[in-house]
1. By counting other Cβ atoms within 10 Å of each Cβ, how are 277, 213 ranked from fewest to most?
2. With both bridge residues required to lie in the stretch 109-279, what share of the DSSP beta bridges run antiparallel, to the nearest 5%?
3. For the stretch 176-280, what does the alpha-carbon gyration tensor say about shape, rounded, prolate or oblate, given a ≥ b ≥ c as the root eigenvalues, a/c under 1.5 as rounded, and a/b over b/c as prolate?
4. Beta carbons within 10 angstrom, averaged per residue: use that to sort the peptides 181-187, 147-153, highest first.
5. Ranked by Cβ crowding within 10 angstrom, fewest neighbours first, how are 269, 169 ordered?
6. Going by a ≥ b ≥ c, the root eigenvalues of the Cα gyration tensor, does the stretch 95-171 fall in the rounded group (a/c under 1.5), the prolate group (a/b larger than b/c) or the oblate group?
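All of the numbers you see were taken from the coordinates with simple rules; none came from a lab. Model, not experiment: these values are computed from the prediction. Cβ placement follows ideal geometry from the backbone for every residue including glycine, while neighbour counts extend to all protein chains displayed.
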């Protein structure tokens, strides 16, 4: 007569017992071992035809019931976490860019012009007045994203610090320690650095600019977001004055520098950009 799990057990008699487990389930595959409650010994009847022969059992090597394997789940989870960390590090390294030098980068070109444009930004009526048509080719030595909710951040989501001339040419020989914050750009010289190749301390200020970039359209906006340190770019657009006002009398002004020889406050270029071109 067949019984559960393919073993033969008499219906009206108990299954084999042991001292620690006198009343086991009559039909399991395994019975707990005396000395190890976590492992089991399998018992089978040796005389399948004689249901009265209950003492003829053979203990088989202790085994543990099979359990679902979780090892692969742990390995897969670890691999996913490692991949996410690697992707985050790769993205950070990519967006941080590289320190680079480029020779023979020309100074910016500006040509007097007129005109402008008008648009609305939130509650501000914004007027853009063109001062000069502007073309800036240079080495991006630092970038700074501004992701706030103020009108300045919405007009210009990213500043680009760009160098040309001997500063761009010596950017790997001299570590200028470029830094941007609060719409300013600064450099911190090493104590023993020789600035003679770039025209001294004054030469640095005359061969780089911190630029507030106002994208003129969505295509330029995306190009701007992709610019990173070490890029060689050409920027086309206009040096502009920005004037914004709200109905409650609140106002906002951003007026561009129009010379490369000024430093300090108000020395930044405000550029209404119509195109950004990546160069080798």
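1. In order of increasing Cβ crowding within 10 Å: 277, 213.
2. Around 90 percent antiparallel, to the nearest 5.
3. oblate
4. My ranking of the peptides, most packed first, is 181-187, 147-153.
5. Working: 269 24, 169 20.
Fewest-to-most ranking of 269, 169: 169, 269.
6. Since a/c reaches 1.5 but b/c is at least a/b, the shape of the stretch 95-171 is classed as oblate.
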